[in-house]
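Below you'll find the structure, written out as structure tokens, and then a few comments.
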Amino acid sequence: MVDWTAVDLALADIESDRDRATCQRLSLDYAHFSPILWPQLQDRAADRVLYPRSEADLLAIARVCVQEQIPLTVRGAATGNYGQCTPLHGGLLVDLTAFDQIVWQRESRLRVQAGAKLAAIDRALRPSRWELRWAPSTYRTATIGGFFAGGSGGIGSITYGQLRDRGNLLGAKVLTLEAEPRFVELQGEAVQAINHAYGCTGLITELEIPLAPAYDWQECMVNFPSWAAALDFAQAIAEADGLIKKMVCVLADPIPSFCKALKDSWQTGESAVLLLLTEPSLEGATAIASELGGRISWQRSPQDQPLFTLMEQSWNHTTLHARSVDPVWTYLQMLLPLGEEAQFIRHIQQDWGNNLLWHLELIRSHGQVRVAALPLVRFEGRDRLQQLTDQLTAAGAILFDPHTYCLEDGGMKQIDLQQLTFKEQVDPQGLFNPGKMRAWREKYGDRTV
């Protein structure tokens, strides 16, 4: 049993929350998108939430966790969808939002603290004409550490691929939970030990990343009479190497009606493509739209003061908007079979009709344009959802399960030996975010419980 009085005394100089309701609220993210995941997580909570402001604070927390064998989970902005920041076994939840400074910028290379918000980083970089390569749809609130620890890609992936792709993460500073906790520096391929690991392999305090040239992005929505025409247009834009783009998103009818900001620019029966392009590229996109029977229904230049951005209609914000209209909607995540995307959708749609609405995001993966799908699914029970996932897999899709909190089960379904080996070195008691990493659980069980 943990002596919480002794723990509170040892960490008395660090701001904290101990109220049960507050701890529970701060322990949750957007896992309520999943009617399967939410019942498993909604009552989980940390015993304490801590707000460190210095590396000395972090070392003090780490020493107490090691001495008392207390689980430690890290929180950024809690914008994840799979319970990444939800402690399964209580313990300490460490909020890193005070670690929000840019350490240095050297032309196209940036060193930044993990708690910095993505939008704030871009604002600071703007005068130098550089920007972040990617962003989630939660760009305004998400932190860079949370994005790399819990995310995989997003807006920008149409040009720069996924976060784990070689060259997208250059270095990291990580706090360990060894017998004597310390900060370690990771460079090169060693950084993959903490990339998309849910904080199971260390507490990230700083990240070193490459930047992209900053552009004055134009936002536009192009409407088509069918999802197939919208997909043809989206693929044409994505494959046009001369067009500089940051986002290519397809929302099949009637998904645009779920997004309040888009409703007035959409007509019943239309599917929409949301684009972020440079101004010179917009001319080419307009020509392609005309050739394929599309109409530009909405457009915004950077000079306009945005009340909203199309970024917040894409990726998992689309799911958020749909659920705000009707919480019966949940979602799946997958890559569609290369070169067979339209045929695949037609085949699946025959059986599922309006119970499956197609939301597509075009990305680059291993040098190719791929169609990622985050379709909206009308939830009719766990067995029915499993029937759908089995059918999708049999038809050739690669699924990434959003209805599990297990790191490997939600991704490529494989054990990452690099991450397991690193965790064994820096967290020998298994205290970082326990219960989320199947590789550890299969080898050691829930050692901390």
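Among the residues of the stretch 167-190, those that are more than 18 Å from the chain's Cα centre (by Cα), part of a loop (DSSP other than H, G, I, E, B) and either under 17 Å from Phe147 (Cα atoms) or among the aliphatic types (A, V, I, L, M) (or both) comprise Gly167, Leu170, Leu177, Ala179. Are there any pairs, at least 6 apart or on different chains, whose C-beta atoms fall under 6 Å, with the first in the stretch 169-195 and under 14 Å from Arg111 (Cβ atoms) and the second exposed (fewer than 14 other Cβ atoms within 10 Å of the Cβ), and if so, which? Qualifying pairs under 6 Å: Gly171/Gln187; Lys173/Glu185. The set of residues in the stretch 328-351 that are within 14 Å of Thr389 (Cβ to Cβ) and surrounded by fewer than 17 Cβ atoms within 10 Å (Cβ to Cβ) contains only Asp351.
Residue check: is Ala114 outside the structural domain of Gly167 (by TED's automatic domain parsing) and either at negative phi or of a type in the set (A, V, I, L, M, F, W, C) (or both)? When the stated conditions are applied, Ala114 does not pass them. Only strands (runs of 3 or more DSSP E) whose full extent lies in the stretch 85-128 are considered here, and the ones with at least 1 residues that are farther than 24 Å from Ile155 by Cα are 92-95, 102-106.
Scanning the stretch 297-310 for residues that are more than 18 Å from Ala252 (Cβ to Cβ) and either surrounded by fewer than 17 Cβ atoms within 10 Å (Cβ to Cβ) or modelled with pLDDT of 95 or more (or both) gives Gln299, Ser301, Pro302, Gln303, Asp304, Gln305, Pro306, Leu307, Phe308.
Restricted to strands (runs of 3 or more DSSP E) entirely inside the stretch 191-282, those with at least 1 residues that are touching a Gly at 6+ places or on another chain (Cβ under 8 Å) and not assigned by TED's automatic domain parsing to the domain that holds Leu338 are 203-210. Restricting the stretch 12-59 to residues that are closer than 14 Å to Thr73 by Cα and hydrophobic (A, V, I, L, M, F, W, C) leaves a set whose member that is nearest to the chain's Cα centre (by Cα) is Leu28. Quick check: is even one residue across the stretch 353-360 outside any strand (DSSP E or B), within 30 Å of Asp95 (Cβ to Cβ) and modelled with pLDDT of 95 or more? Within the stretch 353-360, none of the residues are outside any strand (DSSP E or B), within 30 Å of Asp95 (Cβ to Cβ) and modelled with pLDDT of 95 or more.
The values are calculated or read from the model by the stated rules, or taken from the named source; none is laboratory data. Keep in mind the model is a prediction, meaning the values are calculated, not measured. Cβ atoms come from the backbone with ideal geometry, glycine included; neighbour counts cover every protein chain shown.
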